Amino acid sequence: MILFPAIDLYEGKVIRLQEGNFNKKTSYDASPLETAKRYRDAGCTHIHVVDLEGAKIGVPRHLGVLEEIASLGMFVQYGGGLRSIESIRAAAESGANRVMAGSLLFQDPGMPALLYEIFGRLVMPAIDVKEGRVVYAGWLARTGESAREVIARLRGAGYSCFLVTDTERDGMLQGFRRDFYAPLLGPGYQIVAAGGVTTADDIAALAAEGLSAAVVGKSLYEGRLTIEDALAAASGCVYESA
């Protein structure tokens, strides 16, 4: 399973939110580039970068930081504020190997097919779940669909890799819900898990369930999990629980 350490950005700084609440924001001292270098040097090959400021205002605000991180040679998936075709193209030109699109896919019924036609697998749908329904626009707007329904619909447009976030566990350091991801799995597509991934045991359990990748954020910054143990769990190696 692939491990994606997360770097969340706001006003040029690395931060973490609790349940997506901008009033519950924690900032960290290391710069985004320093943080990415630390993960790369520990052995990470992939990284998850979210422009939270961009998500809040609706346009990307950290493309320069994206360029810096992309220069390190890791696979970078980037999202936040990508609510137009031009923004997605700009993120790709700034070094993103994969972009995460949420709001854009839900505001126009014809957009999923159009984006796939233009960008193909560059775009990964971001499916954020709150109280059983998919939300978007910084988790402030709600659809009437479940994650399973959205995955089925977007698969019909060609998509085969989905980021699914349990917003009610995001940043809470409570572990992931054991009944959340497994019902969403199926043949012919992959799911990247995010939200509540706290320990090496969580990562190992997600791998055993068949998840293709997991995003880990706050537990790394708060010292609940080391990057070494996280990588060992993702690769199936023997590790000591944090």
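The values are calculated or read from the model by the stated rules, or taken from the named source; none is laboratory data. Given the structure is predicted, the values throughout are model-derived calculations rather than measurements. Here the Cβ positions follow ideal geometry from the backbone for every residue, glycine too, while neighbour counts run over all protein chains shown. For the accessible areas, the whole protein counts, side chains as well, though only heavy atoms, and no ligand, DNA or RNA atoms are used. Shrake-Rupley method; radii C 1.70, N 1.55, O 1.52, S 1.80 Å.
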Exercise for review: Specify the residue that is nearest to LEU184 (Cα to Cα); the eligible residues are those in the range 123-142 that are surrounded by fewer than 19 Cβ atoms within 10 Å (Cβ to Cβ) and touching a Lys or Arg at 6+ places or on another chain (Cβ under 6 Å).
Suggested key: ARG133
Check your understanding: From the list LEU72, LEU63, LEU17, which one is surrounded by 16 or more Cβ atoms within 10 Å (Cβ to Cβ) and either on the phi > 0 side of the Ramachandran plot or at pLDDT below 95 (or both)?
Key -> LEU17
**Study point:** For GLY54: the one exception among (1) open to solvent by 40 Å² or more (accessible area, probe 1.4 Å); (2) in a helix (DSSP H, G or I); (3) within 18 Å of THR167 (Cβ to Cβ); (4) not charged (D, E, K, R)
**Key:** (1)
Revision key, fill the gap. Matching residues in the range 138-163 (touching a residue at least 40 places away in the same chain (Cβ under 8 Å), assigned to a loop (DSSP other than H, G, I, E, B) and under 17 Å from the mean Cα position of the chain (by Cα)) number 3
Exercise for review: Restricting attention to the range 77-128, report how many residues are closer than 15 Å to ALA194 by Cβ, touching a helix residue (DSSP H, G or I) at 6+ places or on another chain (Cβ under 6 Å) and at pLDDT below 95.
Suggested key: 1
Check your understanding: Is it fair to say TYR39 is in a strand (DSSP E or B), open to solvent by less than 40 Å² (accessible area, probe 1.4 Å), hydroxyl-bearing (Ser, Thr, Tyr) and modelled with pLDDT of 95 or more?
Key -> no
Study note, to complete from the structure: How many residues of the range 163-201 are of a type in the set (D, E, K, R) and buried (at least 23 other Cβ atoms within 10 Å of the Cβ)? The answer is 1
Check your understanding: List, please: which pairs have Cβ atoms under 6 Å, are six or more places apart or on different chains, and start with a residue in the range 11-24 that is over 19 Å from THR167 (Cα atoms) and end with one that is modelled with pLDDT of 65 or more and exposed (fewer than 14 other Cβ atoms within 10 Å of the Cβ)?
Key -> LYS13/SER27
